[in-house]
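**Student:** Have a look at this one.
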Amino acid sequence: MDKIKILWVDDEIDLLKPHILFLEKKNYEVTTCNNGLDAVALFEEDNFDIVFLDENMPGMSGLETLSEMKEKKSAIPMIMITKSEEEYIMEEAIGSKIADYLIKPVNPNQILLSLKKNLDDSRLITEKTTLDYQKEFRKISMELAMVNSYEDWVELYKKLLFWEMKLEDINDQAMIEILESQKVEANSQFGKYIERNYEDWFAPKADKPIQSHDLFKELVVPEIKKKDKPILFVVIDNLRYDQWKSFETVISNYYKLEKEVPYFSILPTATQYARNAIFSGLLPLDMEKKHPEYWKNDVEDGGKNLYEAEFLSAQLKRLGLNIKEDYFKITN
């Protein structure tokens, strides 16, 4: 395997000789330079794997050198090293998409960690994730044989989803196939669990999960009652939990997640039943009895979810909530 090639730029490069010798003993190839102008020329003519860049240099500064290098080869990771802890320098460097930011004095192990984090992280993460899942596989199999409550099923589903996303990140096809077999078994067992327990959930005072028709009353109404400010209630059709987790980080830029509460859809999960149940707070038979003007049976023509705003208004009134609501529907 070819050596990892490092370009290290620092106007006091001679003082870093012990660090360079340390890296060379670890089989890294280090090219040194003491100014930004020469560094840009070296960077352009050779194929370096990573750059260590001092921020405070005479002539062309570290930030200016970084900008020049990024214009030429933007994919090469660059580590900024500086004595300064001034916030604007950190912000400039981070805004320029540096791979890491180290404060002097740095020790050799800090440098080594930064190298591994930026160049060897994929292999290390793959090995650790694979090993961790192999350890977890037996535990999940045992839990699958013993799970017997809706709370346990929620936790098992989250665990399977966690490993699915971890294994997809490292793209280990063999481990993904093993996990898929566990998911198939889990789906089969969960289906049998629903067959045994679903009907009992509708008995008075049953120990049951929150379902579609309870969701608004159980989770949204308490928020309305305790806060004297508007509530934004968003329903996204056909959104699975794994899909939510995949873009949760985007939403977290705008909203702070306080808690996650799972619920079980009523069956059938088709829009006219499960989604209308969320807005109306009623089961299908009750929707048909109380709101025949809005309800459509399978055999009837017409849209099956055209009256969500009316269902929601009726539910608010039934719950004794005299509030103004606005309803907006976005479709594709």
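**Student:** Which condition does residue 264 not pass, out of (1) modelled with pLDDT of 85 or more; (2) on the phi < 0 side of the Ramachandran plot; (3) surrounded by fewer than 17 Cβ atoms within 10 Å (Cβ to Cβ), if it passes all the others?
**Tutor:** (3)
**Student:** Could you please find all residues in segment 255-279 being over 11 Å from residue 213 (Cα atoms) and not aliphatic (A, V, I, L, M)?
**Tutor:** 255, 256, 258, 259, 260, 262, 268, 269, 271, 272 - these are the residues of segment 255-279 that are over 11 Å from residue 213 (Cα atoms) and not aliphatic (A, V, I, L, M).
**Student:** Is at least one residue of segment 143-158 in contact with a strand residue (DSSP E or B) (Cβ under 8 Å, 6 or more places away or on another chain), within 23 Å of residue 209 (Cβ to Cβ) and part of a helix (DSSP H, G or I)?
**Tutor:** Scanning segment 143-158 turns up at least one residue that is in contact with a strand residue (DSSP E or B) (Cβ under 8 Å, 6 or more places away or on another chain), within 23 Å of residue 209 (Cβ to Cβ) and part of a helix (DSSP H, G or I).
**Student:** What's the total number of residues in segment 200-211 that are under 17 Å from residue 153 (Cβ atoms) and not β-branched (Val, Ile, Thr)?
**Tutor:** Adding up the residues that qualify gives 7.
**Student:** Looking at residue 323, is it modelled with pLDDT under 90 and either farther than 27 Å from residue 153 by Cβ or touching a Phe, Trp or Tyr at 6+ places or on another chain (Cβ under 9 Å) (or both)?
**Tutor:** So residue 323 fits the description; yes.
**Student:** When the residues of segment 272-289 are filtered to those that are surrounded by 21 or more Cβ atoms within 10 Å (Cβ to Cβ), among the aliphatic types (A, V, I, L, M) and part of a helix (DSSP H, G or I), which remaining residue is nearest to the chain's Cα centre (by Cα)?
**Tutor:** 278
**Student:** Name the helices (runs of 4 or more DSSP H) wholly within segment 1-73 that hold at least 3 residues that are in contact with a Cys (Cβ under 7 Å, 6 or more places away or on another chain), free of Cβ contacts under 8 Å to residues at least 60 places away in the same chain and closer than 23 Å to residue 97 by Cβ?
**Tutor:** Answer list for segment 1-73: none.
**Student:** Hey, among 196, 275, 240, which residue is basic (Lys, Arg), out of contact with any Pro (no Cβ under 8 Å at 6 or more places or on another chain), closer than 29 Å to residue 297 by Cβ and touching a residue at least 24 places away in the same chain (Cβ under 8 Å)?
**Tutor:** Unique residue meeting the criteria: 275.
The values are calculated or read from the model by the stated rules, or taken from the named source; none is laboratory data. From a predicted model like this one, the values you see are computed outputs, not experimental measurements. Neighbour counts run over all protein chains shown; Cβ positions are idealised from the backbone, glycine included.
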